[in-house]
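Peer 1: Take a look at the following structure, please.
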Amino acid sequence: MREDLKEKVIEYAGKHQHQEERIYSWGCAATGALGIASYLKPGKGQNPIYQQPRPALVKFFYKSDIKPYLVSCGYGFTLYAVKSAKGLQLLGTGINTNSQLGSHEVPRNSGRYLDYIIQPLSVDLPLNKPLSTRARHIGCGRAHTVIIMEDAGVFSLGNNSYGQCCRPVVDGEDYRRNPLVNHIENIPEEVAQVWCGQDHTIFISKSGKLYSCGLGADGQTGLGHYNSVSTPTLVKGDIEGEKIVSVHGKGDCVLAVSDKGQLFGWGNSEYNQLAMVTNENQINIPRHLPVNGCGHIIKAVAGGSICAVLNDKGQVFVWGYGILGKGPALSSSSTPTQIPETLFGRSEIHPNIKVTEIDCGLDHFVACTDQGYLYSWGHSRQGCLGLGADNDQYFPFQVSLPAEVRMVACGVDHTVALCKPFC
């Protein structure tokens with residue numbers, strides 16, 4: 001054997017090899033929410049891209065020393081919490097007509113402000129120690145944003161027409177080009193999570209209590225009336241004495257889950273979302289939902305007319321009105337019905353695969369398995385399903401991604417996934 005071949009060593013990546021986080025986005029590109037500038041500002045000889053029906057790598061993150069660890073999608077905009085060489089930052093992209101991503105004058109002193117941001121820009125907060133303060137949780141609504149910062153409190157930006165930013169409503173306030181960042185100081189106890197609905201906000205305290213504010217016309221604040229409020233107020237009803245661990249409501253129906261695996265709901269029920277406990281179109285206070293046969297629930301999601309729960313066995317149950325994921329024959333259900341586990345990859349060869357995460361937009365669902373695979377179904381607004389076409393999908397179908405999904409967030413017409421490469 002030749003000596004040079006004896007000395008040849010082939011080195012493979014070891015188990016401690018660093019793997020770069022990757023962000024993929026798809027759906028409506030016209031708003032800038034995908035964060036890919038070349039879509040709306042193409043090179044010479046290229047045409048703009050207004051919708052992307054397949055997952056696309058957001059190279060802004062891939063080529064830089066920026067590591068996203070949280071993502072939230074609003075109505076046509078996206079907010080990231082990231083680590084970078086500059087410290088801990090918030091970056092936003094997409095619609096900014098209500099200053100939900102801050103006030104951006106470009107160039108400075110030009111008098112020109114960005115109503116649409118086509119690639120991530122810094123969202124500045126009035127922090128004493130911006131380089132060492134970490135975002136604990138972020139939420140994006142129709143046109144407002146709320147951020148929980150460790151050791152710095154809670155901040156809100158954007159439209160406050162109904163008090164959803166937790167400050168008094170000012171008649172005639174112009175939210176466009178508005179530099180105001182509200183430091184929320186009127187929450188009675190420390191909060192751990194925030195959920196922004198269409199025009200309302202709900203906080204989960206560290207003790208598991210809920211506080212809400214904003215638009216209450218459909219009972220979505222859960223405060224026992226249909227008025228709007230600007231002060232975070234304790235939500236009572238059937239959740240009193242319960243420790244809430246999850247809350248969700250993309251529109252005006254809200255679902256919450258307790259640490260005991262129980263489900264609660266309030267708000268709009270025009271599409272039988274809450275038909276288990278009422279014949280009315282709305283409920284303005286939380287009610288316990290008797291979802292028999294669903295097991296120990298760990299997460300619930302509610303869109304415009306669709307609902308789903310995930311239990312600790314990785315099983316998904318759906319109800320409401322729309323494309324529910326069990327074929328075109330089932331478009332309405334007043335009680336939860338299970339989606340077959342085989343549709344999420346479980347088989348004799350892979351008997352232990354289970355769903356670990358679900359989310360939804362107004363009328364589309366996504367589900368992530370413990371293998372890092374992503375499935376989507378529902379109405380394909382602007383390609384938000386990521387399946388390569390603008391066709392509706394009646395069963396869960398795997399999204400083709402060259403990476404393992406770690407976190408996924410749905411807007412109304414776009415979707416974003418935080419991934420890492422497959423080992």
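What follows is calculated from the coordinates using simple rules that are stated; it is not laboratory data. Given the structure is predicted, the values throughout are model-derived calculations rather than measurements. Here Cβ is always computed from backbone atoms with ideal geometry, including for glycine, and neighbour counts include all displayed protein chains.
Peer 1: Taking 0.36 nm per residue of separation and subtracting the Cα-Cα distance, what length does fully extending V170 through Y50 add?
Peer 2: Value of the extension gain: 39.7 nm.
Peer 1: Tell me, what ³J(HN,Hα) does each residue in the range 91-104 have, in order and in whole Hz, if you take phi through Karplus 6.51 cos²θ - 1.76 cosθ + 1.60 with θ = phi - 60° and put x for Gly and Pro?
Peer 2: 10, x, 8, x, 4, 9, 5, 10, 6, 5, 10, x, 9, 10
Peer 1: Which of [x] 146; [y] 169; [z] 185 is the computed volume of the Cα convex hull per residue in Å³ for the structure on display?
Peer 2: Here volume of the Cα convex hull per residue in Å³ agrees with entry [z].
Peer 1: Please list, by residue number, every one of the trypsin sites (Lys or Arg not before Pro) in the range 129-195 that is coil in DSSP and has at most 13 other beta-carbon atoms within 10 Å.
Peer 2: R176
Peer 1: Using modelled backbone amide H atoms (1.01 Å from N, in-plane), which distant-in-sequence or interchain residues come within less than 5 Å of T31's amide H?
Peer 2: Distant-sequence amide H within range of T31: zero hits.
Peer 1: Of all GluC sites (Glu not before Pro) in the range 323-423, which ones are in loop regions per DSSP and have a Cβ with at most 13 other Cβ atoms within 10 Å?
Peer 2: E348
Peer 1: How about K260: which lysines have a C-alpha closer than 23 Å to its C-alpha, ignoring those fewer than 8 places off in the same chain?
Peer 2: Straight-distance partners of K260: K206, K209, K236, K243, K299, K313, K354.
Peer 1: Relative to the present Cα-Cα distance, how much length would full extension add between D115 and H350 at 0.36 nm per residue of separation?
Peer 2: Going from the current span to full extension adds 79.8 nm.
Peer 1: Moving to a separate point now. Provide Rg over Rh for the range 15-95; use the alpha carbon set for both Rg and the Kirkwood Rh (inverse mean inverse pair distance).
Peer 2: Ratio of gyration radius to Kirkwood radius for the range 15-95: 1.00.
Peer 1: So, one more: How much length would be gained if the chain were fully extended between Y226 and R406, taking 0.36 nm per residue of separation minus their Cα-Cα distance, in nm to one decimal?
Peer 2: 61.0 nm is the gain from fully extending Y226 to R406.
Peer 1: Quick one: net charge around C28, please, counting Lys, Arg +1 and Asp, Glu -1 for every other residue with C-beta under 14 Å from its C-beta.
Peer 2: So the environment of C28 carries a net charge of -1.
Peer 1: Could I ask something else about it? Can you pull out the trypsin sites (Lys or Arg not before Pro) in the range 30-110 that DSSP calls coil and that have at most 12 other Cβ atoms within 10 Å?
Peer 2: Answer in residue order: K44, K63, K86, R108.
Peer 1: Karplus couplings for the range 383-396 from phi (6.51 cos²θ - 1.76 cosθ + 1.60, θ = phi - 60°), rounded to Hz, Gly and Pro as x?
Peer 2: Running phi through 6.51 cos²θ - 1.76 cosθ + 1.60 with θ = phi - 60° gives x, 5, 7, x, 9, x, 8, 9, 9, 5, 10, 8, 10, x Hz.
Peer 1: Here's another thing I want to ask about it. For V316, what residues show an amide H to amide H distance below 5 Å, using hydrogens built from the backbone and excluding near sequence neighbours?
Peer 2: When sequence neighbours closer than 5 places are left aside, the close amide H contacts are I339.
Peer 1: Taking Cα pairs under 8 Å and at least six residues apart, what relative contact order does the chain come out at, in percent?
Peer 2: For the chain, the relative contact order is 14 percent.
Peer 1: With +1 on the Cβ of every Lys and Arg and -1 on the Cβ of every Asp and Glu, and nothing else charged, how large is the dipole of the chain about its Cα centre, in debye rounded to the nearest 20?
Peer 2: Here the chain has a charge dipole of around 980 debye.
Peer 1: Now, a different point. Karplus couplings for the range 66-78 from phi (6.51 cos²θ - 1.76 cosθ + 1.60, θ = phi - 60°), rounded to Hz, Gly and Pro as x?
Peer 2: Each residue of the range 66-78 in turn: 10, 10, x, 10, 9, 9, 9, 10, x, 7, x, 8, 9 Hz.
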